[in-house]
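Here's the structure, in structure tokens; my notes come after.
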Amino acid sequence: MKFSVDKNTLTQALSAVMLAVGSDSTQPTLACVHLTALQDSLKLEATNLTISIKTSVNALVEEGGDVAIPGRVFAAFIRNLPENVAQFELVDNHVVVHCGSTSFSLICLSQSDLPQFPYFENGVSIQLPLSELQQLGKHVLSLGLKRSEASYGSSVALHIKDNMFTIQSMDNYRVMVCSYTTENSVPEQQFSLPVELLQTITALPANNLPITLSVFESNVTFTCGDTVIVGQKLDILPVDISPFTAAEVSTTVRVNRDELLNALKRTSLLKKETTPIVFEFNTTDQSITLTASDEQGKITECIKASIDGNSLTIGFNNTFLLPGISSCPGNEIVFQLSQDTKPGILRDSESDTYIFIAMPVRIR
């Protein structure tokens, strides 16, 4: 095997496939990147058996072949090479690399135990811009979901119907729902993805290309240009939020998102984790007062808002509420409340593509 490839091009490709290389893998083959030189391209593959990623770049191939090479040390070497074309050659069981004045070699691993890259046919596909999917992903991941067993709180739910793509995340205290209108329509699909799969999508290098989500019986694939990501599909359906959104509303608040966000951040400076931020929605002077206090002192913020209905005092945990406010895409937030023991509904006033539901906390 012998080929040449631009160092920066290879670095970007490695940044994608390395997302599937586990840092604590006990199986050497799962810590490898599989390189295959074919005609005028170099294919890179990696898998941790949960997520598989492959991509390809243009290369000048003098002699084809393939090798398995330790991923993390290889990526570190390539990332720190001088700006130049890198030349690769397989010599015995080592890959020898020359780039400018720098040379290094790495031992190759046996390819006999490398898992085959999964391949599927006849899926249902929907397409949207990569930038939009990454933005939606960052919003729902802001709830701090954890990698664990397949369950609510360790997965994100997807609902695809006609041309509407909806992604939902939740824990015991809040639900976030973000939507995007796509150009193509597909039969209805409802399923969930492991948190780490969505984290992988959001970590891809940004570009202006579309990404295609294809849904199969037990797996999903994401295809963006030459990059393909394969992951598991979970049989966890999105939660029906209609009982919350259809509930009677006694107080409707319209407020500038940034003003509310900044007021909440300042108020949160003086707050223990178990102490709620008290929100007073006053219809008389059309204002929201946020109050936090402990044995050290007290802080109060007052901002103007448009409030219809009844005045209301309610408590929220700032840690749970902050992601919902900061992820709202519009400049104005609509806060819908019924009573101090019922969830608050937060929406974007400019569209129906964003809903956040937060449980209140008891005011002592």
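The values are calculated or read from the model by the stated rules, or taken from the named source; none is laboratory data. Quantities reported herein were computed from a predicted structural model and do not represent experimental measurements. Here Cβ is always computed from backbone atoms with ideal geometry, including for glycine, and neighbour counts include all displayed protein chains. These accessible areas exclude ligands, DNA and RNA; they are computed on the full protein's heavy atoms, side chains included. Shrake-Rupley method; radii C 1.70, N 1.55, O 1.52, S 1.80 Å.
Quick notes
- For region 22-80, a residue qualifies if it is aliphatic (A, V, I, L, M), farther than 20 Å from Asn8 by Cβ and out of contact with any Cys (no Cβ under 6 Å at 6 or more places or on another chain), and the qualifying residues are Leu30, Ala31, Leu38, Leu49, Ile51.
- In region 168-184, residue surrounded by the most Cβ atoms within 10 Å (Cβ to Cβ) [restricted to those that are over 16 Å from Pro329 (Cα atoms) and over 17 Å from the mean Cα position of the chain (by Cα)]: Arg174
- Residue pairs whose Cβ atoms lie under 7 Å apart, separated by 6 or more positions or on different chains, with the first residue in region 99-113 and more than 14 Å from Val73 (Cα to Cα) and the second open to solvent by 60 Å² or more (accessible area, probe 1.4 Å) and outside any strand (DSSP E or B), are Cys99/Asn84; Gly100/Asn84.
- Some residue of region 25-44 being at pLDDT below 95, under 22 Å from the mean Cα position of the chain (by Cα) and either surrounded by fewer than 22 Cβ atoms within 10 Å (Cβ to Cβ) or not acidic (Asp, Glu) (or both): no
- Selected residue (only one of Leu198, Leu204 is closer than 25 Å to Met170 by Cβ and in a helix (DSSP H, G or I)): Leu198
- Selected residue (criterion: farthest from Val239 (Cα to Cα)) from residues of region 347-364 that are over 21 Å from the mean Cα position of the chain (by Cα) and of a type outside the set (D, E, K, R): Ile363
- Test: residue in region 263-273 that is part of a strand (DSSP E or B), open to solvent by less than 80 Å² (accessible area, probe 1.4 Å) and over 30 Å from Val21 (Cβ atoms): no
- Flag if Leu49 is over 14 Å from Leu38 (Cβ atoms) and open to solvent by less than 70 Å² (accessible area, probe 1.4 Å): no
- Filtered by the rule that a residue be open to solvent by less than 30 Å² (accessible area, probe 1.4 Å) and aliphatic (A, V, I, L, M), region 195-227 gives Val195, Leu197, Leu198, Ile201, Leu204, Ile211, Leu213, Val215, Val220.
- Filter result for Ile307 (assigned to a strand (DSSP E or B), under 27 Å from Ser242 (Cβ atoms) and touching a residue at least 12 places away in the same chain (Cβ under 8 Å)): yes
Residue by residue, here is whether (1) touching a residue at least 60 places away in the same chain (Cβ under 8 Å); (2) open to solvent by 60 Å² or more (accessible area, probe 1.4 Å); (3) closer than 24 Å to Ser242 by Cβ; (4) assigned to a strand (DSSP E or B) holds:
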| residue | (1), (2), (3), (4) |
| --- | --- |
| Val278 | yes, no, no, yes |
| Ile288 | no, no, no, yes |
| Cys302 | no, yes, no, yes |
| Thr313 | no, yes, no, yes |
| Gly324 | yes, no, yes, no |
| Pro329 | no, yes, yes, no |
| Ile333 | yes, no, yes, yes |
| Asp340 | no, yes, yes, no |
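- Within region 70-83, residues that are in contact (Cβ under 8 Å) with a residue 12 or more places away in the chain and more than 14 Å from Leu30 (Cα to Cα) reach partners that are among the hydroxyl-bearing types (Ser, Thr, Tyr) and open to solvent by less than 60 Å² (accessible area, probe 1.4 Å) with beta carbons closer than 7 Å, at six or more positions or on different chains, in the pairs Ile78/Thr11; Arg79/Thr11; Leu81/Thr102; Pro82/Thr102.
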